[in-house]
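Worksheet: one structure, shown below.
The values are calculated or read from the model by the stated rules, or taken from the named source; none is laboratory data. These figures come from a predicted structure and were not determined experimentally. Reconstructed Cβ throughout: ideal geometry from the backbone, glycine too, with neighbour counts over all protein chains shown.
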Amino acid sequence: MTALGFLYPGHSAEDDYPRIEQLLGSDIRLAVVHTDIGEDAHRVDALLEMGSPDRLAAGVEEIRRSGAEALVWACTSGSFVYGWEGAHEQVRTLARTAGLPASSTSFAFAHAIRELGVRRVAIGATYPDDVAALFASFLKAAGAEVVGVRGSGIITAAEVGTWGRAEVVALAEAADHPDAEAVLLPDTALHTAAHLRDLESTVGKPVLTANQVTVWEALRLTARRVNAPALGTLFTKEPVIQVARG
């Protein structure tokens, strides 16, 4: 059995993880530990505090007790808000604290883009425009070409967590761009695990969503590959390149 650990901020779409575990259909267990979200706000100062070392460290012992072989900070905005170098330092600190290979959802997106062999991407964010722009800058630092960014202006993860299939599909449709090779939906507060086939069918190209890539990233850290068509192209495509751990 492979056990994977996730630090998830607050309570919004954490039920995506047991759903993904079921869809993986393998000897893989996903352990989700909730961190204190602090102020629920897609605002830079609040996001920096949410991803601070002390808040993440508080959940590490429970992750260790779960027997996890790797750990991912399951938050996009609470990682990319630190910038490319700052997000690397966040992950390095988390790995040292946990004594485990570690990553974050922001790096999961960067690695998943490379896995698919795509370069041009469009972003459909739930965030306000200024926060969405920070994610675009992060992806550009990772070598992606961002051809479109659509923000939704939602301030709280709690509100994002209320969105259903119709809203999620509409976001992907609105964000899509003729030049984009993939569409990215970057909020782990957004329920997407049940809609990945619908999303890809609707836009006619790979769709990467936050909780999907977060689980894929944890598998990557443990060198596990699982073919799971219900989880989208990312979980069926043969690797384009091998990305080093870390």
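Name the one entry in E14, E69 that is touching a His at 6+ places or on another chain (Cβ under 9 Å) and either modelled with pLDDT of 95 or more or of a type in the set (A, V, I, L, M) (or both). It would help to see each step written out before you state the result.
Details: E69 fails: touching a His at 6+ places or on another chain (Cβ under 9 Å).
Answer to the check: E14.
Going by what's in this entry, would A70 be described as over 26 Å from V168 (Cα atoms), surrounded by fewer than 21 Cβ atoms within 10 Å (Cβ to Cβ) and of a type in the set (A, V, I, L, M, F, W, C)? Walk me through how you get there before you give the answer.
Details: over 26 Å from V168 (Cα atoms): yes; surrounded by fewer than 21 Cβ atoms within 10 Å (Cβ to Cβ): no; of a type in the set (A, V, I, L, M, F, W, C): yes.
The answer is no for A70.
Hey, among A158, A136, A172, which residue is modelled with pLDDT under 95 and assigned to a helix (DSSP H, G or I)? Give the steps one after another, and end with the answer.
Details: A136 fails: modelled with pLDDT under 95; A172 fails: modelled with pLDDT under 95.
Residue meeting the stated conditions: A158.
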- Note on the structure: Given (1) surrounded by fewer than 20 Cβ atoms within 10 Å (Cβ to Cβ); (2) among the hydroxyl-bearing types (S, T, Y); (3) modelled with pLDDT of 95 or more; (4) within 22 Å of A46 (Cβ to Cβ), T233 misses just (4)
- Here the qualifying pairs (Cβ atoms under 7 Å; residues six or more apart or on different chains; first in region 56-76 and free of Cβ contacts under 8 Å to residues at least 24 places away in the same chain; second surrounded by fewer than 21 Cβ atoms within 10 Å (Cβ to Cβ) and charged (D, E, K, R)) come out as A58/D36
- Query: Right, A112: at pLDDT 95 or above, in a helix (DSSP H, G or I) and not charged (D, E, K, R) or not?
  - Reply: yes
- Query: Tally time: how many residues in region 96-143 are farther than 23 Å from V203 by Cα, β-branched (V, I, T) and in contact (Cβ under 8 Å) with a residue 60 or more places away in the chain?
  - Reply: 1
- Can you tell me which residues in region 27-54 are touching a strand residue (DSSP E or B) at 6+ places or on another chain (Cβ under 7 Å), outside any strand (DSSP E or B) and surrounded by fewer than 18 Cβ atoms within 10 Å (Cβ to Cβ)? D27
- Query: Tell me, which residue of region 185-211 that is assigned to a helix (DSSP H, G or I) and among the acidic types (D, E) is nearest to L234 (Cα to Cα)?
  - Reply: E200
- Query: For T202, which of the numbered conditions (1) at positive phi; (2) touching a residue at least 24 places away in the same chain (Cβ under 8 Å) fails to hold?
  - Reply: (1)
- Message: So for region 14-26 (the condition being farther than 18 Å from A108 by Cα, crowded, with 19+ Cβ neighbours inside 10 Å, assigned by TED's automatic domain parsing to the domain that holds L231 and among the hydroxyl-bearing types (S, T, Y)), does at least one residue qualify?
- Response: no
- Report, by residue number, each residue of region 12-26 that is within 19 Å of A189 (Cβ to Cβ) and either among the aliphatic types (A, V, I, L, M) or part of a strand (DSSP E or B) (or both). A13, I20
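Mind checking which residues of region 73-84 are outside any loop (DSSP other than H, G, I, E, B) and surrounded by 24 or more Cβ atoms within 10 Å (Cβ to Cβ)? Spell out the reasoning first.
Restricting attention to region 73-84, the residues satisfying the condition of being outside any loop (DSSP other than H, G, I, E, B) are 73, 77-80, 83-84.
If the condition is that a residue be outside any loop (DSSP other than H, G, I, E, B) and surrounded by 24 or more Cβ atoms within 10 Å (Cβ to Cβ), then W73, S77, G78, S79, F80 are the ones that fit.
Quick check on my filter: what residues within region 55-69 are part of a helix (DSSP H, G or I) and within 20 Å of the chain's Cα centre (by Cα)? Show your work before the answer.
Taking region 55-69 as the starting set, the residues that turn out to be part of a helix (DSSP H, G or I) are 55-57, 60-65.
Once the filter is applied, which keeps residues that are part of a helix (DSSP H, G or I) and within 20 Å of the chain's Cα centre (by Cα), region 55-69 yields R55, L56, A57, V60, I63.
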- Message: For the list (1) more than 26 Å from T236 (Cα to Cα); (2) of a type outside the set (V, I, T); (3) over 18 Å from the mean Cα position of the chain (by Cα); (4) buried (at least 16 other Cβ atoms within 10 Å of the Cβ), I need the number of the one condition that D176 fails.
- Response: (1)
